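Please read the structure below before turning to the comments.
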Amino acid sequence: MSGALTFTPAGIYCPAGDFYIDPWKPVSRALITHGHADHARWGMESYLATDIAAPVMRHRLGDVSIDTIGYGERLQIGGATVSFHPAGHVPGSAQIRVEVEGEVWVASGDYKMVDDGLSTPFEPVKCHHFITESTFGLPVFRWQDQAVIAAQINDWWAGCAAAGKTAFLGCYALGKAQRLMSMLNPDIGPILTHTAIENTNAVMRTQGIALPDTVQAGPDLNPKDHRGAIVLAPPSALGSAWARKFGAQENAFASGWMALRGIRRRRAGDRGFVISDHADWSDLLSAITGTGAENIYVTHGYTEIFTRYLNDQGWNAQVLQTEFGGEDAEDEAA
Amino acid sequence: MKRFAALFNAIDQSTKTTVKVAALAEYFQEAPEEDRIWTIAIFSGRRPKRAVNTTRLREWGAEVAGIPLWLFEEAYPIVGDLAETIALVLPPPDTETDHGLTHWINALRDLSQVEEPGRKAFVLDAWASLDPTQRFLFNKLLTGGFRIGVSQKLMTRALASATDKDEAEMAHRLMGDWDPATTTWARLILEDDPAANASRPYPFYLAYALEDEPENLGEPKDWQAEWKWDGIRGQLILRDGKHFVWSRGEELMTDRFPELSRARDFIPDGTVLDGELLAWGDGAPQNFNALQKRIGRKTVPKKLLSEAPVILYAYDLLEWGGADLRQTPLQDRRATLETLCASLPDDAPVRLSPTVPFDSWDTLAQTRTAARDAQAEGLMLKRSDSPYLTGRKKGDWWKWKLDPLTIDAVMIYAQSGHGRRANLFTDFTFAVWNGNDLVPFTKAYSGLTDEEFRKITAWVKKNTQQRFGPVRQVTPHHVFEIAFEGIQASSRHKSGVALRFPRMSRWRHDKPVQEANSLDDLNEMLAIYG
């Protein structure tokens with residue numbers, strides 16, 4: 001495979017600009033689509049990310065050198081012209097457009113097309129070669145409107161509060177948690193957060209992202225002072241000694257995987273809400289169609305099935321082996 | 001179907017028994033009576049006949065979803081449930097109907113009389129007018145098999161609570177071959193007429209496995225010991241000049257074991273016996289393999305009848321002279337049973353399962369080690385003054401099985417599970433060494449924790465060598481201890497053996513793959529225990 005981008009053991013590489021996109025081995029220059037751990041790894045000599053994504057990356061990666069760039073801004077790196085475009089996955093997430101001698105590639109990282117009210121909404125970018133995820137690349141995945149899910153969650157929370165129970169909602173700390181918060185109806189009760197989530201909230205608030213009021217459920221918090229609360233926590237914290245302190249409770253889990261009853265019953269405790277920061281089946285297809293690209297590279301998720309379908313439909317598609325998360329339904333990020 | 005879907009959601013969304021029982025009890029008070037009956041039928045395994053074959057359903061589902069069939073077939077094992085896969089791929093409904101559960105069941109029953117184009121039109125119409133949950137339930141009715149986390153016990157409890165009746169009585173009412181299409185709520189649940197159904201069996205009393213030492217049960221003299229037979233638990237009912245044979249799974253097996261009809265010649269009406277259906281030969285019980293030939297056969301050829309004649313090895317008497325004896329102490333039931341069996345001729349199809357005498361727990365433990373020689377899988381311990389209870393209850397009856405046989409084997413193939421275990425690799429094929437080759441000899445699905453299944457799933461994904469459809473060949477690396485209850489020679493298996501109840505008893509992280517057992521070891525076990 002030759003061209004503006006190539007695929008190496010360290011990650012997706014641009015020879016003309018001598019940089020990598022979301023590499024999984026230490027390299028000198030890394031362009032990062034977003035701050036999730038499987039895309040923004042530690043150990044690069046320099047990072048380039050959007051101005052919105054950078055604060056959380058600094059929070060997560062520590063003292064690293066991050067240059068920032070605004071959406072749509074063009075940057076010349078060696079022989080390559082680079083720009084970042086909204087991917088709608090989490091605040092600051094980007095599709096990275098790379099143009100070399102008229103050939104345009106877009107590496108989309110993770111993306112979703114629905115406007116979650118928090119992330120800059122996804123924008124289609126015309127290209128010749130499109131690198132896509134396929135976390136939910138099966139026709140069984142079809143998301144409902146965010147308002148429908150919000151009503152489900154609020155109803156559940158109100159029911160818990162009325163029954164004198166604390167509502168625990170398991171979700172990923174970066175992106176999903178903040179999206180869920182902004183969907184909650186604060187009239188029902190206080191919104192409490194696990195420390196891992198509140199730390200991310202603090203970073204986002206500092207950079208000017210509007211989030212509802214939350215209370216950190218740290219070690220000194222007395223649950224009795226927060227009757228009828230909902231607690232947002234990483235899934236691993238559900239059922240822990242920390243969580244048991246709250247007494248009577250119900251546990252729910254918010255993830256695209258909750259669309260499958262088997263996984264829902266295995267993972268969800270009391271309730272599973274189907275909400276994802278990844279595109280569903282039809283949005284994957286419309287995103288790909290929207291790029292106008294003929295060549296599609298499928299990085300993670302149901303790669304083989306999705307690639308076969310794309311080829312069936314006339315695209316020139318191939319599977320790309322990467323170290324991005326995704327296929328695993330036990331993964332908590334989706 | 002909205003009311004039924006709401007019930008399903010309430011049950012499906014909770015892991016708490018109290019919540020499920022409350023939702024069911026409410027349904028049994030509020031829903032139309034005919035829907036209640038069908039709900040009981042569905043949750044007790046009396047499903048309506050399958051109206052459309054699943055091949056057609058897959059094709060129609062893919063067609064309506066606008067996806068190629070191969071894509072549907074790829075998605076199905078990942079979802080792990082056909083009814084759910086179809087419900088998920090279909091586009092949202094464009095109209096709405098509000099027919100009740102009974103309406104849909106009747107419509108599906110009538111569907112079997114309709115030619116295929118009509119059937120297809122009906123199914124597609126239904127899909128287009130039901131919301132996703134109702135659609136899933138409709139598909140479940142279409143495909144049969146309704147396992148949604150409601151046990152019969154749980155439903156019985158809800159019914160008892162909804163009608164303010166005794167749970168054991170309710171369990172008894174639900175036994176037997178009542179027909180949801182013809183019975184009524186009043187007849188099945190409310191009316192006081194225990195003789196209404198001559199064929200109705202009593203709920204079986206089931207034992208828990210003994211986990212402690214038997215010393216903790218108290219004085220040996222208060223207990224009765226019997227061999228635990230490896231057959232089919234069954235009830236023989238003689239009432240109104242007829243006889244009925246029920247399995248523990250509430251399957252009516254009268255016609256499968258015609259030799260039992262001769263019991264009518266010797267045993268009076270108004271008798272119900274509990275015992276083990278066994279193949280009998282040379283004056284002794286035969287191993288399960290002999291009975292296996294008879295299972296699944298609705299009619300029995302003469303040759304097989306003489307090769308593997310079946311008897312009821314009786315160990316309890318539940319009804320005598322038309323009276324329910326279940327509250328009578330075991331020792332008294334046993335005395336009557338012994339008198340009854342002593343009067344039977346030698347070739348009667350009912351025999352008395354003997355007690356195993358013992359005066360101390362130590363001597364009984366000694367006797368137990370010889371269970372395999374007696375074609376038994378261990379001992380049953382029953383408190384002599386115990387009544388005959390309903391369902392699985394702790395305290396009065398215990399099964400004290402032999403430790404299983406075990407062998408260390410190498411995992412070579414993996415396949416993902418269904419339902420709750422979809423997306424996890426849970427179904428494995430195991431092999432033993434034959435020289436430098438690995439010979440597959442058994443599959444096993446159970447015995448690991450969810451956490452272990454998650455770990456092995458992640459490993460399988462990274463160590464797949466080859467795919468054969470849903471099956472993955474993996475690098476031979478992990479050794480598991482396989483526990484099983486019996487071993488038989490088998491010409492159908494490459495290894496030459498077939499195991500009974502194989503399961504994974506331990507993940508042998510400590511054992512390198514070279515140290516797994518060999519085919520010779522397996523053959524030695526076959527020689528000793530086969």
Please list, ordered by first then second residue, the pairs with beta carbon atoms under 9 Å, 6 or more apart or interchain, first in region B:51-67 and closer than 14 Å to B:THR143 by Cα, second buried (at least 17 other Cβ atoms within 10 Å of the Cβ) and among the small types (Gly, Ala, Ser). B:LEU57/B:ALA83; B:GLY61/B:ALA87
Can you name every residue in region A:262-278 that is more than 16 Å from A:ILE149 (Cα to Cα), in contact with a Lys or Arg (Cβ under 8 Å, 6 or more places away or on another chain) and surrounded by 21 or more Cβ atoms within 10 Å (Cβ to Cβ)? A:GLY262, A:ARG266
Tell me which of these A:ARG265 doesn't satisfy, since it passes every other one: (1) under 21 Å from B:PRO77 (Cα atoms); (2) touching a residue at least 60 places away in the same chain (Cβ under 8 Å). (2)
Which one is surrounded by the most Cβ atoms within 10 Å (Cβ to Cβ), of the residues in region A:216-261 that are small (Gly, Ala, Ser) and in a strand (DSSP E or B)? A:ALA254
Matching option when the condition is within 30 Å of B:ARG135 (Cβ to Cβ) and part of a helix (DSSP H, G or I), among A:ALA177, A:ALA167, A:ALA147: A:ALA147
Looking across region B:79-128 at residues that are surrounded by fewer than 17 Cβ atoms within 10 Å (Cβ to Cβ) and among the acidic types (Asp, Glu), the single one that is farthest from B:THR182 (Cα to Cα) is B:ASP94
By residue number, the members of region A:93-108 that are over 18 Å from the mean Cα position of the chain (by Cα) and outside any strand (DSSP E or B) are A:GLU101, A:GLY102
I'd like the full set of residues that are under 21 Å from A:ALA217 (Cβ atoms) and at the interface with chain B (Cβ under 8 Å from one of its Cβ atoms), limited to region A:235-273. A:GLY269, A:ASP270, A:ARG271
Could you run through region B:464-480 and say how many residues are farther than 15 Å from B:LEU424 by Cβ, within 14 Å of another protein chain (Cβ to nearest Cβ) and not in a strand (DSSP E or B)? 1
Which condition from (1) more than 10 Å from every other protein chain (Cβ to nearest Cβ); (2) surrounded by fewer than 17 Cβ atoms within 10 Å (Cβ to Cβ) is the one that B:TRP60 breaks? (2)
In the set B:ALA168, B:ALA181, the lone residue that is of a type in the set (A, V, I, L, M), over 30 Å from A:LEU260 (Cα atoms) and in a loop (DSSP other than H, G, I, E, B) is B:ALA181
Would you confirm whether any residue within region B:431-453 is within 14 Å of another protein chain (Cβ to nearest Cβ) and assigned to a strand (DSSP E or B)? no
Pairs please, first residue from region B:169-192 and outside the structural domain of B:GLN235 (by TED's automatic domain parsing) and farther than 23 Å from B:ASP110 by Cα, second anywhere and surrounded by 13 or more Cβ atoms within 10 Å (Cβ to Cβ) and charged (D, E, K, R), Cβ atoms under 6 Å, 6+ apart in sequence or on different chains. B:MET175/B:ARG200; B:GLY176/B:ARG200
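One line per residue, one yes/no per condition, for (1) in contact (Cβ under 8 Å) with a residue 60 or more places away in the chain; (2) on the phi > 0 side of the Ramachandran plot; (3) charged (D, E, K, R); (4) not assigned by TED's automatic domain parsing to the domain that holds B:ARG372:
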{"position": "B:GLU211", "(1), (2), (3), (4)": "no, no, yes, no"}
{"position": "B:GLU215", "(1), (2), (3), (4)": "yes, no, yes, no"}
{"position": "B:LYS242", "(1), (2), (3), (4)": "no, no, yes, no"}
{"position": "B:THR254", "(1), (2), (3), (4)": "no, no, no, no"}
Inside region A:56-84, can you point out the residues that are over 22 Å from A:ASP18 (Cβ atoms) and surrounded by 14 or more Cβ atoms within 10 Å (Cβ to Cβ)? A:VAL56, A:ARG58, A:HIS59, A:ARG60, A:TYR71
For region A:142-201, give me each residue that is among the aromatic types (Phe, Trp, Tyr) and either touching a Gly at 6+ places or on another chain (Cβ under 7 Å) or more than 16 Å from A:VAL90 (Cα to Cα) (or both). A:TRP143, A:TRP156, A:TRP157, A:PHE168
Of the residues in region B:425-453, those that are of a type in the set (D, E, K, R), under 21 Å from the mean Cα position of the chain (by Cα) and surrounded by fewer than 16 Cβ atoms within 10 Å (Cβ to Cβ) come to B:LYS443
Per the filter on region B:361-387, residues at pLDDT 95 or above and assigned to a loop (DSSP other than H, G, I, E, B) are B:SER384, B:ASP385, B:SER386, B:PRO387
Determine whether B:ASP110 is assigned to a helix (DSSP H, G or I) and away from every other protein chain (no Cβ under 12 Å). yes
Suppose we keep only residues that are farther than 23 Å from B:HIS493 by Cα and modelled with pLDDT of 90 or more within region B:391-424. Which one would you say is surrounded by the fewest Cβ atoms within 10 Å (Cβ to Cβ)? B:LYS399
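Working only within region A:305-320, note down all residues that are within 12 Å of chain B (Cβ to nearest Cβ) and out of contact with any strand residue (DSSP E or B) (no Cβ under 6 Å at 6 or more places or on another chain). First the steps, then the outcome.
Restricting attention to region A:305-320, the residues satisfying the condition of being within 12 Å of chain B (Cβ to nearest Cβ) are A:305-313.
Scanning region A:305-320 gives A:ILE305, A:ARG308, A:TYR309, A:ASP312, A:GLN313.
The values are calculated or read from the model by the stated rules, or taken from the named source; none is laboratory data. Since the model is a prediction, treat every value here as computed from it, not as a measurement. Neighbour counts are summed over all protein chains in view; Cβ atoms, including those assigned to glycine, are modelled from backbone coordinates with ideal geometry.
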